[in-house]
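Report on the structure given below.
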Amino acid sequence: MLTLKKKIAALLSDAVAKNYGEGLLTADDLFAMLEYPPDKTLGDIALPCFRLSKVARRSPVMIADTLAASISDPALSAVTAVNGYLNFKIATGEFTRRVIADVLEKGDRYGSPMCGVGKTVVIDYSSPNVAKPFHIGHLGSTVIGHSLKLLHQFAGYNCIGINYLGDWGTQFGKLIVAFRDWGSKEEIEQKGVDGLVALYVRINNAIGAEEKASVEAQIAAGVPEEEAQRHKHSALADRARAESHKLEEGDKENLALWRWFVDISLAEYQKTYRLLGITFDSYKGESFYNDKMPAQVQKLRDLGLLEIDNGASIVRLDRWNMPVCLILRSDGSTLYPTRDIAAAYYRYETYHFDKAIYVTAAQQSLHFAQWFKVVELMGYPWYDRLVHVPYGTVSVNGSKLATRTGNVILLRDLFAEAIRRVSEITKEKHPDPQECAEIAEKVGVGAVIFYYLSNNRMRDIDFVMEDALSFEGNSGPYAQYTYARCCSILEKAPETADGVTDGEASPEEFDLAKTLSLFPEQVAQALADYEPSVVTRYILDLCAAFNRFYHECKIVSCPDEKIRARRLALTRATKQVLATALHLICLQSPEKI
Ligand code: ARG
């Protein structure tokens with residue numbers, strides 16, 4: 001469609017020059033003004049003449065009439081003027097043939113904007129916190145992040161996917177104490193990350209109980225409640241802090257335990273990543289930046305950006321209407337922004353990125369806005385290459401998730417449930433257990449991802465498994481089923497696309513060709529907005545157009561040789577574009593379902 005739009009813009013620019021004089025609007029201006037009319041019966045492409053009316057000093061109705069009379073081209077079957085709009089109808093046969101040829105010639109490169117060639121993008125995504133549950137809240141970062149990586153790869157970027165593991169922090173002091181008091185090596189080896197999470201929850205509860213008891217004891221001794229709260233105390237928490245401190249100082253035993261906790265957690269996350277087909281290029285987590293922060297803190301100090309406030313080191317951001325950015329606590333320990341600044345610096349030095357993308361929940365938007373500003377103040381020339389991509393919250397069947405009360409849905413369980421339910425359906429059609437399991441996995445995993453990526457990322461979503469798995473609705477299984485339908489048609493008629501005719505196409509063929517031709521624009525849009533859901537919605541449009549075509553047109557059994565060839569070629573082109581589009585949102589395309 002882009003090619004045709006460019007052609008129309010060139011025709012328009014000539015016609016405008018001829019009728020109203022040179023230099024009013026460029027072909028690029030006119031290109032940007034072209035629209036797809038919502039009512040397709042009027043035309044396939046339209047030009048609203050209101051802006052032109054200002055520069056040409058005539059009414060839009062007059063302009064549309066004049067231009068309609070002076071434009072004609074074999075690629076267009078009609079050019080008409082309606083109420084100040086100029087409507088273009090496309091010559092269906094030639095257009096359909098050209099779209100098919102374009103898709104089949106470019107193959108899996110069809111739709112790529114190629115805007116990233118020679119450029120590098122680093123994408124920080126998924127990044128779960130070690131020894132804490134990898135739950136449905138991480139689904140967004142994981143699948144939006146991976147889809148953005150695939151989209152950038154498709155556009156020709158050199159992509160570095162980074163899993164910035166939350167592998168450092170006070171939770172490790174707590175885990176070390178909990179493990180020594182209550183844990184055993186065998187148990188953790190057997191239970192994996194679940195065992196670690198159980199220890200973590202247990203020690204948090206125990207600390208809470210000790211603190212509560214200490215407050216109650218103080219109140220009983222006559223201390224006012226507020227003051228008692230301020231002086232609450234837990235011996236376990238003290239021990240955890242001491243172990244944390246030892247770990248930071250490089251204590252050998254604590255370091256070994258820490259490494260082991262990280263490895264156990266990672267092994268568990270890997271299972272989910274493998275299921276989703278996700279691999280990372282770097283697993284450098286928070287701990288990697290321990291020795292890289294002092295240089296950044298010193299630079300902030302040298303630049304006079306640091307201020308001491310109540311003993312803490314901060315950067316003031318009130319001029320930008322933001323709260324202060326905390327760099328060092330009063331005890332000298334570093335914080336989340338400090339680490340992110342050091343990590344961005346390291347990544348720039350290592351990869352010389354043209355763009356660095358961070359995919360996290362929208363709750364972290366302020367954090368990113370703050371440290372992005374700090375990096376700008378530090379004078380790093382790459383400050384404007386940083387992009388935060390936030391997303392909304394997820395609830396399941398209407399209930400909000402809370403890590404603290406244990407009301408979490410693990411990603412692992414979510415996918416397992418989807419796979420189990422799909423295999424109930426597929427096992428009837430696929431008696432071979434191996435084949436059934438493979439299909440159920442692709443469809444079950446795909447259903448969850450597709451459902452999640454159906455909405456604009458900032459929308460809060462409620463996960464309803466029945467909807468995600470529905471074969472009838474606008475779901476992943478429906479899209480994959482449409483792909484499998486293309487495969488089965490082509491299996492019946494495996495000849496190539498030779499002899500595709502230029503003769504007029506049926507409305508369904510033409511509509512399908514038009515939808516196929518819109519793919520490159522949709523990919524560009526998804527990239528520009530960091531919005532994989534643009535691709536998901538496009539897939540649904542394409543499936544709808546294909547299924548209308550399938551129901552209305554004879555394909556394999558079409559008696560006319562040339563039309564049959566065109567319909568088969570359309571099916572092949574649809575199969576190609578569906579496979580590419582599904583891949584871009586992290587879905588597989590099984591040939592059979
Ligand atoms: N580990 C963090 C979390 O689970 C996400 C890290 C995002 N990346 C970053 N560079 N801050 O909330």
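List of remarks:
- Put simply, the amide H of LYS284, placed in the peptide plane, has neighbours under 5 Å in ASN163, leaving out anything fewer than 5 places away on its chain.
- Residues TYR451, TYR358, ordered by accessible area of protein heavy atoms at a 1.4 angstrom probe radius and largest first, appear as TYR451, TYR358.
- Ranking GLU428, GLU210 by solvent-accessible area of protein heavy atoms (1.4 Å probe, all protein chains present), from largest to smallest, gives GLU428, GLU210.
- If a spin label sat at a point 7 angstrom from the Cα of ARG274 along the line to its beta carbon, the backbone N atoms of the range 552-593 nearer than 19 Å would be those of 588.
- Considering only beta bridges that DSSP places wholly inside the range 271-390, some 60 percent are antiparallel.
- The lysines within cross-link reach of LYS132, meaning a Cα-to-Cα straight distance under 19 Å and a gap of 8 or more places when in the same chain, are LYS174, LYS185, LYS191, LYS271, LYS284, LYS400.
- Rh by Kirkwood over Cα pairs, then Stokes-Einstein D for the range 191-338 at 1.567 mPa s and 4 °C, µm²/s: 67 µm²/s
- The chain: angle of helix 561-584 to the longest principal axis, Cα-based, in degrees nearest 10: 20 degrees
- Surface/4 of the Cα convex hull for the range 430-513, nm²: 8.7 nm²
- Percent of alpha-carbon pairs separated by more than 28 Å within the range 455-593: 21 percent
- Net charge of neighbours whose Cβ lies under 14 Å from the Cβ of GLU243, counting Lys and Arg as +1 and Asp and Glu as -1: 0
- Label separation (ARG329 vs ASP281): 3.5 nm, computed from points 7 Å beyond Cα along the C-beta direction.
- Restricting the range 54-120 to trypsin sites (Lys or Arg not before Pro) in coil, as DSSP defines it, with at most 12 other Cβ within 10 Å: ARG57
- The chain - mean residue ellipticity at 222 nm from DSSP helices (-39,500 (n - 2.57) per run, n ≥ 4, rounded to 500): -18000 deg cm²/dmol
- Ranking by accessible area, most exposed first, for PHE471, PHE88 with a 1.4 Å probe: PHE471, PHE88
- Only protein heavy atoms count here; on that basis, with a 1.4 Å probe, GLU552 has an accessible area of about 120 Å².
- Cα-based helix-to-principal-axis angle, 252-276 vs the chain, degrees rounded to 10: 20 degrees
- Accessible surface of SER333 - all protein chains present, 1.4 Å probe, nearest 10 Å²: 30 Å²
- Bins of 10 Å from zero: percent of alpha-carbon pairs in the range 187-232: 28, 30, 19, 16, 6
- The phi-based Karplus calculation (6.51 cos²θ - 1.76 cosθ + 1.60; θ = phi - 60°) puts the 3J(HN,Hα) values of the range 46-51 at 9, 10, x, 9, 6, 5 Hz, whole numbers, x for Gly and Pro.
- q = 0.05 Å⁻¹: log10 I(q)/I(0) that the Debye formula gives for the chain, counting C-alpha atoms only: -0.31
- Rounded tilt (10° steps) of 476-492 against the dominant C-alpha axis of the chain: 40 degrees
- Heavy-atom accessible surface of LYS5, to the nearest 10 Å², is about 20 Å², with a 1.4 Å probe and all protein chains retained.
- With both labels modelled 7 Å from their Cα along Cα-to-Cβ, the ALA32 to ALA416 distance reads 5.4 nm.
- Mean Cβ neighbour count within 10 Å, used as a protection proxy, ranking 456-465, 434-443 highest first: 434-443, 456-465
- Label-point gap, in nm, between SER365 and THR80 - each point 7 angstrom along Cα→Cβ: 4.5 nm
The values are calculated or read from the model by the stated rules, or taken from the named source; none is laboratory data. Computed from a predicted model, the values in this text were never measured in an experiment. Note that each Cβ is placed from the backbone with ideal geometry, even for glycine, and that neighbours are counted across all protein chains shown. To get the accessible areas, we keep the full protein, side chains included, count just its heavy atoms, and leave off ligands, DNA and RNA. Shrake-Rupley method; radii C 1.70, N 1.55, O 1.52, S 1.80 Å.
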